[in-house]
Amino acid sequence: MVLNFKPISLEQQSEYSKYFANCPQKASDYSFVNLWGWAKEYGLDWAWTDNLVWIRQTIPEILYWAPIGSWNGIDWKNCFEELSGRQTLFIRIPFFKMDEKRVW
């Protein structure tokens, strides 16, 4: 999976809100207002895939936040394996109960 990160923009606020609405756990850190307001301070940018919006923090170091969108139906094991070729640290990962059919 290639993630093409771009600056957080007002033009995509409405589209982002749709992904945020479909996220099963919503933290205020992920609201558009918060991302927009802290974008310069923390060097926040985002990358879009078909199902998810990936948030990356670049200040003081590169950190990835949990993606936003509908988590149902995502092959998480494969998703994270594709990112594992990089020096990848994730923060703000929520705990949620996986159904027994899913395998990490």
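Throughout, read-outs are computed from the coordinates displayed, never taken from laboratory work. All values reported here derive from a predicted model rather than from experimental measurement. Neighbour counts run over all protein chains shown; Cβ positions are idealised from the backbone, glycine included.
Here the label points at ASN4 and ASN22, each 7 Å from Cα along the C-beta direction, are separated by 2.0 nm in the simple model. The slack between TRP38 and LYS77, meaning 0.36 nm per residue of separation minus the straight C-alpha distance, is 11.0 nm. Would you tally the net charge around ASP45, using a Cβ to Cβ cut-off of less than 9 Å, leaving ASP45 out, and scoring K and R as +1, D and E as -1? Every neighbour counted, the sum reads +2. Our coupling estimate for region 7-20, obtained by passing each phi through the Karplus curve with A = 6.51, B = -1.76, C = 1.60 and θ = phi - 60°, is x, 5, 10, 4, 4, 9, 4, 5, 5, 4, 4, 5, 5, 4 Hz, Gly and Pro reported as x.
Annotation for region 1-70: GluC sites (Glu not before Pro) lying in DSSP loop with at most 16 further Cβ atoms inside 10 Å of their Cβ are GLU61.
With the convex hull of the Cα atoms taken as the outline of region 9-54, the averaged projected area works out to 3.2 nm².
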